[in-house]
1. With every protein chain kept in place and ligands, DNA and RNA left out, what is the accessible area per residue of the chain? Probe 1.4 Å, answer in Å².
2. Per-residue accessible area for Asp103 at 1.4 Å probe radius, Å² rounded to 10?
3. In nm, to one decimal, how far is the Leu81 label point from the Ala15 one, both placed 7 Å along Cα→Cβ?
4. Using a 1.4 angstrom probe on the protein heavy atoms only, line up Arg136, Arg175 by accessible area, largest first.
5. Can you tell me, using C-alpha contacts under 8 Å and at least 6 residues apart, the relative contact order of the stretch 79-183 as a whole percent?
6. To the nearest 10 square angstrom, what accessible area does Cys93 show with a 1.4 Å probe?
7. Of Gly52, Gly160, Gly97, which has the largest mean-square fluctuation in a 10 Å C-alpha GNM of the chain?
8. Tell me the accessible surface of Trp99 in square angstrom (1.4 angstrom probe, heavy atoms of protein chains only), to the nearest ten.
Amino acid sequence: MKYEREIAAREEKIARLLSSVPLPVEGLTPEERDERFMRAALVLARAAAEEGEVPVGCVITRGCEIVSADYNGREALRSALWHAEAAAVAKACERLGGWRLPDTTLYVTLEPCPMCAGAIWNARIPRVVVGTKDARAGAFGSVLNLNSYPLNYRSEVTFGVCADESRALLGAFFRARRNRTEN
């Protein structure tokens, strides 16, 4: 692969970043667990912003364990496909040994786009937890709703976990980007 070193360094960074998140989550209520894992996704989203990427972070869990995680990397890896969710789904499939990801939950700071919603659907991820909606490209209700199509699988989607932090991070990123282009 063309960017092997960059991807290896990225994996090390993700592991380092996630080590700062207070885990495990056993004994927490489902709501507290959702918040804890979304906070892990927010840590990754902040890393994306620091690298000049749109600040979206994603973790996929099975039970109380994070099985994969990533953040947007389109600019750094020069790939239109390197969205946080698509990358995390690919890694989870590899780590869990199959294309179906039953008994998993995907946590993402911004509502998935159509491409990522398709990856979630194809992987049969039963539950998706979203920080904030995406009025421009959201595919779980904001612009279109993949779950409303007569497909053979639907994910349960929960919106609004750590929504204020997710919105604030995205807003600050795009304000800074606009200010750079105006100056």
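The values are calculated or read from the model by the stated rules, or taken from the named source; none is laboratory data. Keep in mind that what you see is a predicted model, and the values were worked out from it rather than measured. Note that each Cβ is placed from the backbone with ideal geometry, even for glycine, and that neighbours are counted across all protein chains shown. In case anyone asks, the SASA skips ligands and DNA or RNA and just uses the protein heavy atoms, side chains included. Shrake-Rupley method; radii C 1.70, N 1.55, O 1.52, S 1.80 Å.
1. Accessible area per residue, the chain: 52 Å².
2. 120
3. The two pseudo-label positions are separated by 2.5 nm.
4. Final ranking, largest accessible area leading: Arg136, Arg175.
5. Once divided by the residue count of the stretch 79-183, the mean separation gives 23 percent.
6. Probe radius 1.4 Å; accessible area of Cys93 about 30 Å².
7. Of the options given, Gly97 has the highest mean-square fluctuation.
8. The value for Trp99 is about 130 Å².
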